[in-house]
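The values are calculated or read from the model by the stated rules, or taken from the named source; none is laboratory data. None of these values were measured; they are calculated from a predicted model. Every residue, glycine as well, gets a Cβ built from its backbone with ideal geometry; the counts of neighbours run over all protein chains shown. Side chains are part of the model used for accessible areas, which takes the heavy atoms of the whole protein and leaves out ligands, DNA and RNA. Shrake-Rupley method; radii C 1.70, N 1.55, O 1.52, S 1.80 Å.
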Amino acid sequence: MDDRFKRLIKGFKVISLIGGCAVLITYHIRQTCRSLDKIINLNVLDAEKKYTPEYIYIDDPKFDLKMVQSTETRQSVGLSRIWKSLRDSLASRLLWLCRHGNQEQRDLALQHLASFKNNKKWECLKLAQALDMNTAVLLARTRGADLRYFLPPPIHVRRAALSSELMSFKLRDMIVGVQRISPHSCIKYFLSKYFANLQEQAMEADNIPAKPDVISERELCMLCLDALYHHIILFHSKNYIDDKSTSTLINMDLLPRLAELFLRYRNDVDMDVCILKILTVISMHTVLLKDFFQNGLIGELCRLIKSEDVRLSSSAAVCLANLSGEHCFRPGLYLLHPLYRTRTKPMCDTLLIHGLRGGVFVTWRQRDPKCDGPLVITDVKSKVKCGKPCVEEEVGVNYMDPELKQVLDDLTEMDEESLLSNMEIVLQDIPIEAKRDSTVNSFTAAKKRIALIRENEDNCTYTHCWPKDWLPKDCKNLRILGVNYWSSLSEWLEGCPLQSADIPTRAVELIPALIDARVGQRNVPIIWLAHSMGGLIVKQLLIEAAESQDDLQKICEQTKAVLFYSTPHRGTSLASLPRAADAVLWPSHDVKQLKENSPILLNIQNKFLTVADKYDFETISFAESMPTLVTAFKVPMHFVAANSADLGRGVFYQLPLDHLTICKPASRQSILYTTVIDVIQRTTHKKCELQYPNIFLEKFYKLFSWRTLFKATGVIDSIEDTQYKERFRWFERIILDTYTGSCSD
């Protein structure tokens with residue numbers, strides 16, 4: 001007993017000694033750490049974790065997502081690991097289909113990649129590393145693509161964007177470089193105005209001279225970008241080898257500088273517009289896709305195509321469409337709808353041509369709303385206050401039985417129908433005179449209710465391009481293109497001598513852009529919307545198309561309707577001013593060619609009437625009846641008289657509007673818009689009726705021929721397994737095409 005007690009005491013002493021030593025050592029270590037924390041900041045070791053890891057471009061088509069699996073993925077277990085591996089496997093297979101699949105497989109894979117939601121940052125970075133340039137540009141043109149799928153600009157571009165170095169002098173050097181190749185008086189004038197004597201100052205001083213103090217660095221960069229765009233658009237060529245200006249700028253690192261400007265002036269709309277104007281011209285050369293991709297510009301274009309600003313979204317859509325090689329839009333031609341890739345073929349091409357001093361993003365905007373102006377259909381005051389959007393008041397929501405709610409809604413609808421049936425619908429912009437109009441508009445109660453809803457919607461929102469925002473709502477499968485060209489009203493304004501041209505020359509210059517955009521080349525009907533002098537250009541273009549013997553004639557054959565908004569078919573009296581007024585106003589060449597009863601205009605008028613009768617064009621003319629307030633002094637001037645705006649053929653409406661608002665409907669209930677919708681719907685309906693029987697017969701013939709051939713052989717068992725699978729897949733595609741294809745698709 002004593003021996004056991006002695007052993008317990010001895011064990012207790014050993015444990016107490018060891019425990020005391022451990023406590024003492026722990027205490028000293030803790031005190032040492034506290035002392036070090038007071039002297040040294042150990043958090044500096046985690047400073048590197050604040051920076052995003054850099055990535056390199058891997059130019060290897062065999063690259064797989066499995067090569068970039070993170071440590072977290074390898075160490076994860078259970079269902080989480082299985083789910084991540086399935087997502088990685090699916091993404092890698094979709095990427096393989098995007099590179100090696102056929103057209104249908106590629107479209108389906110891109111849609112699935114863009115539909116991936118709730119991805120973590122590291123998952124998006126893995127996908128961005130695996131994307132090649134061709135897949136990246138197609139994914140950027142797919143609706144719903146995550147911006148994190150695209151790699152940012154390289155590290156040297158991002159570091160340059162954070163530096164204080166002046167970008168204007170880099171752009172100045174590029175301007176001087178292209179000026180040496182193709183000298184131009186406009187560029188010489190620009191350099192002498194904003195960079196005068198800077199070269200001599202730079203030679204005398206050791207450093208770069210300071211920028212001019214009269215304007216900011218941002219404004220000077222925008223002016224330099226406009227000068228570069230002006231030079232490129234004058235001397236550009238469709239072939240990259242012949243485009244000396246573009247190749248020179250690419251060798252002078254233009255694309256990295258543009259990517260740097262995107263980063264320096266983030267979310268600056270005016271700067272983005274200046275950059276995109278240059279990119280729309282350069283993007284015609286598909287050989288530069290690799291340069292766009294490596295400088296991170298594909299991601300920037302994907303960001304801008306999602307913008308609500310029509311200038312940014314349309315320009316970005318043009319750049320991506322050109323780089324993908326699926327389309328070719330030359331400078332001056334803008335894609336307004338659809339912005340993203342679509343599997344359906346267009347049923348109609350709608351082209352917009354503006355007039356003097358107009359533009360795609362200026363001429364076709366909605367009419368500016370009047371403050372506190374009453375609506376036309378209802379007696380309620382408009383909720384629009386100086387163009388601001390409507391804000392609905394929040395109302396408390398109480399629970400209601402669904403069946404009871406449905407009964408109340410039906411009763412309300414019946415009351416509205418009985419009330420609306422006794423009301424007369426008065427559309428906006430009522431014509432004060434109409435000629436050759438045999439249509440009678442009848443509105444049912446359902447149409448009246450739709451008119452009320454649309455009236456409220458259009459007055460609560462404002463659009464800067466009504467064809468882009470309104471037409472796709474009422475007509476499906478449209479392609480809307482806008483045409484831009486330079487024009488001037490007075491020689492007092494700054495202008496380029498190389499951009500001054502007469503109406504026939506402008507029409508001839510527009511022809512290659514339409515042919516490259518495949519306008520009229522796919523048996524798609526064409527409808528023209530032309531304002532002012534734009535109508536004269538359209539008439540001359542159709543005359544040229546009718547007289548040609550090549551593919552241009554298809555444009556004339558596919559043209560179904562032309563709508564003229566205050567077009568001076570016989571000229572305008574403002575172009576024939578008295579000598580004193582002519583000396584003061586100094587009208588431009590564009591204005592002088594619109595003289596009243598000009599032989600050139602009368603010749604175009606007679607030839608167009610002959611062509612319109614030959615090809616059975618539907619023509620609709622709108623005329624102004626109110627004077628336009630010009631300049632800040634609001635001088636009333638009547639631009640186009642009614643007799644000149646009347647084509648003498650087709651429907652003619654004279655509206656109580658001025659020259660600027662004649663092409664700007666206030667809402668979708670305006671006759672300016674309803675007429676366009678009626679024409680498009682009739683045109684697309686005819687095309688649908690003509691194509692549907694042919695498509696059905698063709699698919700039925702393929703299916704019947706295959707079945708007959710398959711039964712006649714009688715040797716199914718002797719066919720090899722690979723050949724049988726190929727024929728079965730071919731048969732499956734025919735079945736899908738037969739039962740899923742429709743006229744709307």
Subject >> All positions within segment 233-259 that are without any contact (Cβ under 8 Å) to a residue 40 or more places away in the chain and aliphatic (A, V, I, L, M) >> reply: Ile241, Leu258
**OP:** Identify all residues within segment 563-606 that are at pLDDT 90 or above, part of a helix (DSSP H, G or I) and open to solvent by less than 70 Å² (accessible area, probe 1.4 Å); write none if there are none.
**Re:** Leu601, Leu602, Ile604, Gln605
**OP:** Return the residue satisfying two criteria in turn: it lies in segment 145-193 and is more than 30 Å from Leu131 (Cβ to Cβ) and β-branched (Val, Ile, Thr), and of such residues it is most open to solvent (accessible area, probe 1.4 Å).
**Re:** Ile181
Original post:
Any chance segment 693-713 includes a residue that's modelled with pLDDT of 70 or more and either open to solvent by 40 Å² or more (accessible area, probe 1.4 Å) or out of contact with any strand residue (DSSP E or B) (no Cβ under 9 Å at 6 or more places or on another chain) (or both)?
Top reply: no
Original post:
Restricting attention to segment 317-363, and to residues there that are farther than 17 Å from Ala140 by Cα and in a helix (DSSP H, G or I), which single residue is most open to solvent (accessible area, probe 1.4 Å)?
Top reply: Val362
Original post:
Looking at (1) assigned to a helix (DSSP H, G or I); (2) modelled with pLDDT under 75, can you tell me which one His28 breaks?
Top reply: (2)
Original post:
Which one of these does Ala259 not meet: (1) open to solvent by less than 10 Å² (accessible area, probe 1.4 Å); (2) out of contact with any Asp or Glu (no Cβ under 9 Å at 6 or more places or on another chain); (3) small (Gly, Ala, Ser)?
Top reply: (2)
Original post:
Residues of segment 230-253 being in a helix (DSSP H, G or I) and among the small types (Gly, Ala, Ser), which ones?
Top reply: Ser245, Ser247
Subject >> Tally, over segment 215-245, of residues that are surrounded by 18 or more Cβ atoms within 10 Å (Cβ to Cβ) and touching a Ser or Thr at 6+ places or on another chain (Cβ under 8 Å) >> reply: 8
Subject >> Residue match in segment 504-519 (condition: open to solvent by 10 Å² or more (accessible area, probe 1.4 Å), within 21 Å of Phe639 (Cβ to Cβ) and out of contact with any Leu (no Cβ under 7 Å at 6 or more places or on another chain)) >> reply: yes
**OP:** Enumerate the pairs (first residue in segment 294-316 and closer than 17 Å to Gln129 by Cβ and outside any helix (DSSP H, G or I); second residue anywhere and open to solvent by less than 10 Å² (accessible area, probe 1.4 Å) and not aromatic (Phe, Trp, Tyr)) with beta-carbon separation below 6 Å, excluding pairs fewer than 6 apart on the same chain, so at least 6 apart or on different chains.
**Re:** Asn295/Pro153; Asn295/Leu255; Asn295/Ala259; Gly296/Pro153; Gly296/Ala259
Subject >> Selected residue (only one of Leu647, Leu655 is assigned by the TED database to the domain that holds Leu541, touching a residue at least 24 places away in the same chain (Cβ under 8 Å), touching a Pro at 6+ places or on another chain (Cβ under 6 Å) and surrounded by 16 or more Cβ atoms within 10 Å (Cβ to Cβ)) >> reply: Leu655
Subject >> Residue check, Arg436 outside the structural domain of Ile555 (by the TED database), under 23 Å from Ile662 (Cα atoms), at pLDDT 65 or above and of a type in the set (D, E, K, R) >> reply: yes
Original post:
Is it the case that some residue within segment 531-550 is closer than 17 Å to Pro331 by Cβ, open to solvent by 10 Å² or more (accessible area, probe 1.4 Å) and not aromatic (Phe, Trp, Tyr)?
Top reply: no
